[in-house]
Amino acid sequence: MATSGLGPRVLLKRLREVMAGPEATQIRLDKIAKLIAANMVAEVCSVYVLREGGWLELYATEGLRAEAVHLSKLKTGEGLVGTIAKEATLLNLSAAREHPAFKYLPETGEEIYNSFLGVPILRAGHTIGVLVVQNRTSRHYSEEEEEALQTTAMVLAEVIASGELAEVTRDVGVDVAHVKSHQLTGDVLAEGIALGHVVLHEPRVVAGNLIAESIPDEQVRLEEAIDQLREQVETLIARTEFGRSGEHDEVLETIRMFAYDRGWMRRMREAVETGLTAEGAVERVQSDVRARMQRQADPYLRERMHDLDDMANRLLRLLTDQTETAAHGDLPRDSIIVAHNMGPAELLDYDRSKLRAVLLEEAAGTSHVAIVARALGVPAIGQIPGLVDLVDTGDPIIVDASNGEVHVRPSAHIEDAYAEKVRLYARRQAKYAKLRDKPAVTRDGEKISLNINAGLLVDLPHLADSGADGIGLYRTELQFMVLQSFPRQGEQTRHYRTILEAAKGRPVVFRSLDIGSDKMLPYFHTQREENPAMGWRALRIALDRPALFRLQMRALLDAAGGKVLRVMFPMVAEVEEFLRARQLVEKERAFLAARGHGLPKQIKLGAMIEVPSIVWQLDQLLPMVDFVSIGSNDLLQFLYASDRGHPRLFGRYDALSPAVLSVIRQIVDKAETHDVALNLCGEMAGNPIEAMALIGLGVKSISMAPAAVGPVKSMVLALNKAMLSEFIMPLLSRPDHSIRGDLEQFAKTNAIPI
């Protein structure tokens, strides 16, 4: 088959004219198939579109029988067309019927054709259709013809992804692949239900114009963008905060390698020469690369795909002037943010009045963005691989963060079902609201103190709304994380005073600055660590940089004038660390007293039990403290030597294992022996079944996200604590992975809502 001589540039221009035409979509598709066939001197041109269930449906053809359109279908992986879709690669055959994957469809009349060239129609690396040309003559198509068909397929991808094809088969009631419904599952980070529309945290860079008006102009634009990209990369590498050596060197050199990769640059330049704009060329090459690398089993190669994605997106932003995240724009109402991952400060950038939910591909329940989501009362789900590639800004979406389900582009009946579920959820919340002023007392008379975790001023109304007894954990670092510079003493003092006043006499426990690990301040630079969770963080930083710690203590003491001040120190690994911190607090108390400042009427200092070493020093520690608080998140992480943010380890170990519960029981026993108040402020406390287990172990004070207070109180009111303790204690000696099933059965038998 020889090309017509018009070349891909002319073909693209004619395609643009057809696509902009006023005719119905099916008529335009038929014209496109005819135009491609004529331009490539092909006797057949067929367009297949991926449909619901993985079926590739013939949507338009020039040369095959017209009655086969919307009748002929092949499953992904079936036949030549299905093979192209599955492997995301082209097939160039001189004798199509001899290929082992060939499947004869009698309704098409294709048995008379021998030569076959098919290419995947790709969008963001995902196959959404297949474009095929055929001829009777047995021959291989040239590289020029392959390139022309691939470029044409890219233009067709935009027609399919636009959703216009849905009108072609509206009577069938099934959408095409890119606009079809998807149901995904993930891990619940913050409970709730939300209906709204997708807003990509990092908006996908859209190449609005794919077909070039002037090839030389596009070549210049591409070269200028490449130069700018390389300048950005060199500036990034030269930044002094990265230091001179470390494992980050390899990461930075990988970035540089991609920015100067000759093969990548050559393919983009060649794509421009076919008639694409500079941004169209970047998108075309990147989609091809993603399609290949997504099918690689090697995790290293898949990780490199993300690196190349980053470079391609940087290049597209330079070409399209799209630079900001969605938080910096005007957020639509009923927005549901979708991101690979994000930090807590980034989430706080969004307008809370318009934010309905957050969906993250990578975040785990103990990540700090999850903690902030719970503080804001925003439903959130994490660990949803591939979500970002499935959605576009504006897509309707339903978030069911009661069971971890996400419905992308839901059907009408699913929307109706969830509208009813939202009403039921609201009624359940109203039921919990009625318990607000009722004390959390078990059926056998045991008073349980239910407190909230907080860290932002936006949390304060939740104290009254939830009916909590106080704030069991105030994360002071969140105020530091959302600022661009270290807050001065006066600013800190005003912040803490506001919190104490809003508590209206209810106890507030401030945790001293807990930074490091995954909680880095944008203005506090430290060296990269191999294992930051067990590195320089929390109280370790405070004792090594006492000026930061003393400034915070001075602000807290000043803010609590005439009130009771409760402060606890995180990551205490040995008694001597607590003593040093206490001495620094005393120095600041003396400093303020000497200058006539009003002091707290009482100062209570405590320690967090989250490093296993301190568990075996409790007899020495407890006589020195006013209270202790179990930080179950880190305690579990260190007990199991299991990174709580690692996606492969998330959920591997259960908080309701006999090992974990035995350690907690040991801490409870020691606190009772020394008559020291004990609280637990980790994520365990916010789950009714886990909170039930803690109460059975003897924990009488727990602290949780505000939204969890209602469900946990409902559980407490139905619980007989003595009966539960008698049930749970023998289970601690078992070698089981978890006793969760036993506790669920106990709750069911005794009508305890969990």
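The values are calculated or read from the model by the stated rules, or taken from the named source; none is laboratory data. Since the model is a prediction, treat every value here as computed from it, not as a measurement. Every residue, glycine as well, gets a Cβ built from its backbone with ideal geometry; the counts of neighbours run over all protein chains shown.
Of the numbered criteria (1) assigned by TED's automatic domain parsing to the domain that holds Asn451; (2) under 30 Å from Gly377 (Cβ atoms), the one Phe727 fails is (2).
Checking the stated criteria, Ala66 turns out to be under 20 Å from Ala42 (Cα atoms), surrounded by fewer than 18 Cβ atoms within 10 Å (Cβ to Cβ) and among the hydrophobic types (A, V, I, L, M, F, W, C).
Contact list please: Cβ distance under 6 Å, first residue in the stretch 422-444 and closer than 11 Å to Ser714 by Cβ, second residue outside any loop (DSSP other than H, G, I, E, B), pairs at least six apart or on different chains. Matching pairs, first to second residue: Tyr432/Gly710; Leu435/Lys713; Ala440/Leu450; Ala440/Lys713; Ala440/Val716. Per the listing Gly394, Gly490, Gly445, the residue uniquely assigned by TED's automatic domain parsing to the domain that holds Asp334, surrounded by fewer than 22 Cβ atoms within 10 Å (Cβ to Cβ) and among the small types (Gly, Ala, Ser) is Gly394. Under 16 Å from the mean Cα position of the chain (by Cα), closer than 16 Å to Pro332 by Cβ and buried (at least 19 other Cβ atoms within 10 Å of the Cβ): is that true of Ile384 in this structure? Answer is no for this residue. Kindly establish whether Leu599 is surrounded by 15 or more Cβ atoms within 10 Å (Cβ to Cβ) and under 30 Å from Ile739 (Cα atoms). No. Is the stretch 106-123 home to any residue that is without any contact (Cβ under 8 Å) to a residue 12 or more places away in the chain and hydroxyl-bearing (Ser, Thr, Tyr)? Within the stretch 106-123 (the criterion being without any contact (Cβ under 8 Å) to a residue 12 or more places away in the chain and hydroxyl-bearing (Ser, Thr, Tyr)), the answer is no, since none of the residues qualifies. A single member of Ala677, Ala671, Ala705 is modelled with pLDDT under 95 and either of a type outside the set (Gly, Ala, Ser) or within 23 Å of Arg511 (Cα to Cα) (or both), and it is Ala705.
Can you name every residue in the stretch 424-442 that is of a type in the set (Lys, Arg) and over 14 Å from Ser402 (Cβ atoms)? Scanning the stretch 424-442 gives Lys431, Lys434, Arg436, Lys438.
Being under 30 Å from Ser402 (Cα atoms), among the charged types (D, E, K, R) and at pLDDT 80 or above, is that true of even one residue in the stretch 173-188? Scanning the stretch 173-188 turns up at least one residue that is under 30 Å from Ser402 (Cα atoms), among the charged types (D, E, K, R) and at pLDDT 80 or above.
The sole residue among Ser629, Ser613, Ser642 that is closer than 29 Å to Ala691 by Cβ, at pLDDT 95 or above, hydroxyl-bearing (Ser, Thr, Tyr) and surrounded by fewer than 18 Cβ atoms within 10 Å (Cβ to Cβ) is Ser613. The requirement of being of a type in the set (A, V, I, L, M, F, W, C) and either part of a loop (DSSP other than H, G, I, E, B) or modelled with pLDDT under 85 (or both) is satisfied by Leu483.
Against the definition (crowded, with 18+ Cβ neighbours inside 10 Å, closer than 30 Å to Glu273 by Cβ and at pLDDT below 75), how does Ile128 come out, yes or no? Answer is no for this residue. Among residues of the stretch 320-342 that are closer than 14 Å to Gly382 by Cβ, those with a Cβ under 7 angstrom from a residue that is of a type in the set (Phe, Trp, Tyr) and modelled with pLDDT of 75 or more, sequence gap 6+ or separate chain, pair up as Ile337/Tyr350. Residues being part of a loop (DSSP other than H, G, I, E, B), surrounded by fewer than 18 Cβ atoms within 10 Å (Cβ to Cβ) and in contact (Cβ under 8 Å) with a residue 40 or more places away in the chain are represented in the stretch 34-42 by at least one member.
Identify, please: which residue in the stretch 689-748 is more than 34 Å from the chain's Cα centre (by Cα) and of a type in the set (Ser, Thr, Tyr) and is, among those, nearest to Thr442 (Cα to Cα)? Across the stretch 689-748, the extreme among qualifying residues is Ser725. A single member of Ile398, Ile414 is on the phi < 0 side of the Ramachandran plot, in contact with a His (Cβ under 8 Å, 6 or more places away or on another chain) and part of a helix (DSSP H, G or I), and it is Ile414.
Applying the condition of being in a loop (DSSP other than H, G, I, E, B) and among the small types (Gly, Ala, Ser) to the stretch 645-703 and asking which residue is surrounded by the fewest Cβ atoms within 10 Å (Cβ to Cβ) yields Gly651. For the stretch 77-100, name all the residues that are in a loop (DSSP other than H, G, I, E, B), at pLDDT 90 or above and surrounded by fewer than 17 Cβ atoms within 10 Å (Cβ to Cβ). Correct list: Gly77, Ser94, Ala95, His99, Pro100. Identify, from the list Leu276, Leu210, Leu252, Leu222, the residue that is farther than 18 Å from Glu147 by Cα, of a type in the set (A, V, I, L, M), surrounded by 14 or more Cβ atoms within 10 Å (Cβ to Cβ) and at pLDDT 75 or above. Exactly one of Leu276, Leu210, Leu252, Leu222 is farther than 18 Å from Glu147 by Cα, of a type in the set (A, V, I, L, M), surrounded by 14 or more Cβ atoms within 10 Å (Cβ to Cβ) and at pLDDT 75 or above, namely Leu222.
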